[in-house]
Amino acid sequence: MDLKRQPGLSKPRGAIVTLAALVLTVFLSGLLTACEKPRSDNAAGQNQARFRMTTRAIVTGVPKDAKVLDIWMPYPQNREHQLITDIKVKSPYPVEVNHEKEFGNAILHARVENPRKDFEISIDFGVKRAENLLDKPNKTPGADVKDAGEFKNYMRYDKVGSLTPLLQGQADRLTRGKKGNIAKAKAIYDYMAKTYIYDYDKKNLPTIRGDLSVFCQTKKGRCTELSTLFGTLARAAGIPVRYVSGYTLRNHDSGEVGGHCCWDEFWAPGYGWIPADLATAKKFPQDTDYYFGNTDEWRVELVTGRDLVLEPPQKGPRINAWIDPYAEADGVPFAVGKRISWVKG
């Protein structure tokens, strides 16, 4: 059975879809290449991309005395610039699809009684993605709402991105004299693009993803740290921000995806949600200006928000930056593997 299109974030729902147990298959793929090419412009308007993606949770070595294993995976859904089609879930156990209550993320969940064997769960789906351009009309629901209180979840500071007097002062200095959310966010973005370094070397990274107490000292970090700091400074300036996580595929060949990427979207009256992707700008410095207000079409969004309570709720604490499969054995966090692959067309 295939799960068809899911609604966007505007109307979270708790509907549950149960799938019959299916046989696992193996997906053969190559490795991503890392060639860096300039961004190509499309004079006719928005660029578009089509591709298929498969996400897998790989469960091995469950404790022999475990009575119940719960596993959660991000489930693809439509977004403002993203259409999901032809979803196929393969699992040896029944699964359900729910939406968590704060941000409306769709979540696939499986509960396995007396787990004894290793297994995989895969989600295969088609993606039609359009470039997000600031100069195009934005029909985001709520774009004309003037009260930022409508977006209280997006004004909430991340647990690892708490506002300090130092960061508040920095936000005040960067946005002083700037009129409107776009000008303020651009000042923060430009400062960070010039000051902070994208670095995936573990010896330079915080132990906890997004930990600003380390990042603000070293000025070196990955997408999570960049997104966390942008979000904290923007919220300190009174701008709602939402954290978006998924996979960016620009200039990569079809094959396996090594890791996820994240970026921010900030809200401005009359425009709605506007992207600010510092991590991709760092990878393609010639396009630094482009990635404020725009995102390319070669990406997929799977999760919005930080510090999440899943559905059904996990026994463990809120999840800081959820994108990978998460599991608990008898209510205790249990590490599972993942494999992400994609193919153009």
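Quick notes on this one:
- Taking other Cβ atoms within 10 Å as a rough exposure proxy, Arg242, Arg306, Arg339 sort from fewest to most as Arg339, Arg242, Arg306.
- Distance in nm between pseudo-label sites at Lys315 and Gln286 (7 Å out along the Cβ direction from Cα): 5.3
- Our Cα-only numbers for the stretch 248-293 put the radius of gyration and Dmax at 12.7, 40 Å.
- Rel. contact order, % - alpha carbon contacts under 8 angstrom, at least six apart, the stretch 148-303: 24
- Inter-probe distance in nm under a simple model that places probes 7 Å from Cα toward Cβ, at Lys152 and Ile58: 4.3
- Thr195-Lys67 FRET efficiency (beta carbon distance; Förster radius 41 Å; 0.05 resolution): 0.20
- Modelled FRET efficiency - R0 51 Å, Gln168 with Arg116, Cβ distances, 0.05 increments: 0.45
- Fraction in percent of alpha-carbon pairs per bin - 10 Å, the stretch 148-303: 11, 43, 37, 9, 1
- Subtracting the Cα-Cα distance of Lys128 and Arg50 from 0.36 nm times their residue separation leaves 27.6 nm of extension gain.
- You can think of it this way: the chain between Lys179 and Glu96 has 25.2 nm of extra reach, that is 0.36 nm per residue less the Cα-Cα gap.
- Per-residue packing, averaged as other Cβ atoms within 10 Å, sorts the ranges 177-184, 215-222 into the order 215-222, 177-184, beginning with the highest.
- Ranking of Trp298, Trp72 by count of other Cβ atoms within 10 Å, fewest first: Trp298, Trp72
- Extending 7 Å from the Cα toward the beta-carbon at both Asp135 and Arg339 defines two label points whose distance is 4.4 nm.
Only the coordinates and a few stated rules stand behind these numbers; no lab work does. The structure displayed is predicted, hence computed values, not measured ones. No Cβ is skipped: glycine too gets one built from the backbone with ideal geometry, and neighbour counts run over all protein chains shown.
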